[in-house]
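*Asks:* Here you go, one structure.
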Amino acid sequence: DAGITQSPRHKVTETGTPVTLRCHQTENHRYMYWYRQDPGHGLRLIHYSYGVKDTDKGEVSDGYSVSRSKTEDFLLTLESATSSQTSVYFCAISLIKGTDTQYFGPGTRLTVL
Amino acid sequence: GQQLNQSPQSMFIQEGEDVSMNCTSSSIFNTWLWYKQDPGEGPVLLIALYKAGELTSNGRLTAQFGITRKDSFLNISASIPSDVGIYFCAGRRTTSGTYKYIFGTGTRLKVLA
């Protein structure tokens, strides 16, 4: 168990509403990531963070923003949710320097109606 | 976005059989990771590899870092029903400023009792 929690675990929302997903880690790892997983597409990187207030875009960042004000929390925001953002969202953490591994959270299933 | 080629995409095997799957890339990697994902859960790290030619075991699982550094292999010996799931590979290049992992498309394993 890598000490990663995601909240909420399930959410149903309507098109056009803002949604924020939270990832919390207790490992003090520097690097944090948000992925989405869809059938036929595997895991795709949305945004990642390489330190407090340091973030960068992944391959599918349109429509998403992130914030990291503390080492332990990484927030993913859908400013105006669309049906195409219905997916399972995974947070992950990495140490990279030292032991190069990546651990995943349990996921958040988001449905946008 | 870039993804690793993982094969086979799916496989049905009889309980007790050995399983082999592989992951290939057009780029050289410095780290290879293997994950298993059960339905409704996040990927769980099985094995991490850091050196070309490295062979690492975790119980009935054995993974190898290819000598060319462009591929990796995972073997499962004497499969059991709980081996069912999706297996992912992931790789990372340790070039400056690269904090991102690239994922394979997954191998779906089904075990027939």
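*Asks:* So which of B:Ser26, B:Ser82 is outside any strand (DSSP E or B), closer than 23 Å to A:Phe90 by Cβ and more than 11 Å from chain A (Cβ to nearest Cβ)? Break it down into steps so the answer makes sense when it comes.
*Replies:* Details: B:Ser26 fails: closer than 23 Å to A:Phe90 by Cβ.
It is B:Ser82.
*Asks:* Is it fair to say B:Tyr99 is free of Cβ contacts under 8 Å to residues at least 12 places away in the same chain, under 24 Å from A:Ile4 (Cα atoms) and within 11 Å of another protein chain (Cβ to nearest Cβ)?
*Replies:* Details: free of Cβ contacts under 8 Å to residues at least 12 places away in the same chain: yes; under 24 Å from A:Ile4 (Cα atoms): yes; within 11 Å of another protein chain (Cβ to nearest Cβ): yes.
Yes.
*Asks:* In the list A:Thr77, A:Thr71, which residue meets the criterion of being surrounded by fewer than 21 Cβ atoms within 10 Å (Cβ to Cβ), in contact with a Ser or Thr (Cβ under 6 Å, 6 or more places away or on another chain) and either away from every other protein chain (no Cβ under 14 Å) or not charged (D, E, K, R) (or both)?
*Replies:* Details: A:Thr71 fails: in contact with a Ser or Thr (Cβ under 6 Å, 6 or more places away or on another chain).
None of the others qualify; the one that does is A:Thr77.
*Asks:* Test B:Asp71 against the criterion of being under 24 Å from A:Ile93 (Cα atoms) and more than 13 Å from chain A (Cβ to nearest Cβ), and give yes or no.
*Replies:* Values: under 24 Å from A:Ile93 (Cα atoms): yes; more than 13 Å from chain A (Cβ to nearest Cβ): yes.
Yes, satisfied.
*Asks:* Among the candidates B:Ser96, B:Ser57, B:Ser77, which residue alone is out of contact with any Asp or Glu (no Cβ under 9 Å at 6 or more places or on another chain), at pLDDT 95 or above and among the polar types (S, T, N, Q)? Explain how you work it out, then say what you get.
*Replies:* Working: B:Ser96 fails: at pLDDT 95 or above; B:Ser77 fails: out of contact with any Asp or Glu (no Cβ under 9 Å at 6 or more places or on another chain).
Being out of contact with any Asp or Glu (no Cβ under 9 Å at 6 or more places or on another chain), at pLDDT 95 or above and among the polar types (S, T, N, Q) holds for just one of B:Ser96, B:Ser57, B:Ser77, which is B:Ser57.
*Asks:* Would you mention how many residues in the range B:55-68 are within 13 Å of chain A (Cβ to nearest Cβ) and farther than 27 Å from A:Gln37 by Cα?
*Replies:* So the answer is 1.
*Asks:* Among the residues of the range A:11-49 satisfying the criterion of being in contact with a Leu (Cβ under 9 Å, 6 or more places away or on another chain) and at the interface with chain B (Cβ under 10 Å from one of its Cβ atoms), which is surrounded by the fewest Cβ atoms within 10 Å (Cβ to Cβ)?
*Replies:* Looking at residues that are in contact with a Leu (Cβ under 9 Å, 6 or more places away or on another chain) and at the interface with chain B (Cβ under 10 Å from one of its Cβ atoms), I get A:Arg30.
*Asks:* Something else about it: Being surrounded by fewer than 13 Cβ atoms within 10 Å (Cβ to Cβ) and within 11 Å of another protein chain (Cβ to nearest Cβ), is that true of even one residue in the range A:104-112?
*Replies:* Narrowing the range A:104-112 to residues surrounded by fewer than 13 Cβ atoms within 10 Å (Cβ to Cβ): none.
Checked the range A:104-112: no residue is surrounded by fewer than 13 Cβ atoms within 10 Å (Cβ to Cβ) and within 11 Å of another protein chain (Cβ to nearest Cβ).
The values are calculated or read from the model by the stated rules, or taken from the named source; none is laboratory data. These numbers were taken from a predicted model, which means no experiment stands behind them. For neighbour counting, all protein chains shown are included, and Cβ atoms are generated from backbone atoms with ideal geometry for every residue, glycine included.
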